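As structure tokens, the structure follows; a few thoughts come after it.
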Amino acid sequence: MKIVEVKDRATELVEQLLNVWESSVKATHLFLSDDEICNIKKYVPQALTDVPVLIVAKNENGKPIGFMGISDKMLEMLFVSNESRGQGIGKQLLQYGIETYSVNELSVNEQNPLAKGFYEYMGFEAYKRTELDEQGNLYPLLYMRRHR
């Protein structure tokens with residue numbers, strides 16, 4: 001696996017990352033309906049284009065299998081394709097973000113206990129909870145900071 005920072009966010013790459021996102025979300029965000037996933041998916045390409053730092057994990061064939069977005073020491077997004085989960089890719093991405101970009105804060109859906117547990121394992125702890133997500137939907141968020 002290779003981790004690369006992406007400056008050129010070509011349409012083809014954004015489409016590949018959108019597939020990674022969808023595969024990941026369908027496997028981990030069990031609280032979302034297919035319609036909700038479809039609706040959120042419309043906004044992902046813009047988020048991928050706009051996030052200041054985009055890091056992609058690629059397999060030995062150069063195919064994206066995970067990615068994260070960072071803005072000012074905050075992890076904005078971290079997704080690993082379903083078929084690549086459990087192989088340490090998320091851990092390597094986040095470690096890279098911590099070491100290279102001083103990532104020390106993030107938010108996670110409270111209804112995604114696997115992600116919450118992963119971030120706790122990586123040294124983050126919740127300090128704030130909101131009833132709604134950033135779009136005003138009824139998906140409680142936990143805001144977490146790195147404590148070590």
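General observations
- Panel order for GLU12, GLU5, by other beta carbons found within 10 Å of each beta carbon, from fewest to most: GLU12, GLU5.
- Calculated diffusion of the stretch 21-105, Stokes-Einstein form, Kirkwood radius summed over Cα pairs, 25 °C and 0.890 mPa s, µm²/s: 182
- Working from Cα pairs under 8 Å separated by at least six residues, relative contact order for the stretch 2-146 is 20 percent.
- Going from the residue with the fewest nearby Cβ atoms within 10 Å to the one with the most, HIS29, HIS147 rank HIS147, HIS29.
- Highest-fluctuation residue, GLU76, GLU36, GLU15 considered, GNM on the chain with Cα pairs under 10 Å: GLU36
- Candidates VAL14, VAL80, VAL108, ranked by Gaussian network fluctuation over the chain, Cα under 10 Å, top entry: VAL14
- Projected label points at GLU60 and ASN137, each 7 Å from Cα along the beta carbon direction, are separated by 3.7 nanometres.
- Fewest-first ordering of PHE79, PHE124, PHE31 by other beta carbons within 10 Å of each residue's beta carbon gives PHE31, PHE124, PHE79.
- Charge context of ILE89, other residues only, Cβ under 15 angstrom, K/R +1, D/E -1: +3
- GNM flexibility winner over the chain from TYR101, TYR119, TYR127 (Cα, springs under 10 Å): TYR127
- Straightening the chain between LYS128 and GLN46 buys 26.8 nm, computed as 0.36 nm per residue apart minus the Cα-Cα spacing.
- By the helix-only formula, in which each DSSP H run with n ≥ 4 contributes -39500 (n - 2.57) and the sum is divided by residues, the chain has a 222 nm mean residue ellipticity of -11000 deg cm²/dmol.
- VAL4-SER71 FRET efficiency (beta carbon distance; Förster radius 30 Å; 0.05 resolution): 0.95
- Within-13-Å neighbourhood charge of GLU22 [Cβ basis; K, R +1; D, E -1]: -1
FYI, it's all coordinate maths here, none of it is from the lab. Source: prediction; values computed, not measured. Every residue, glycine as well, gets a Cβ built from its backbone with ideal geometry; the counts of neighbours run over all protein chains shown.
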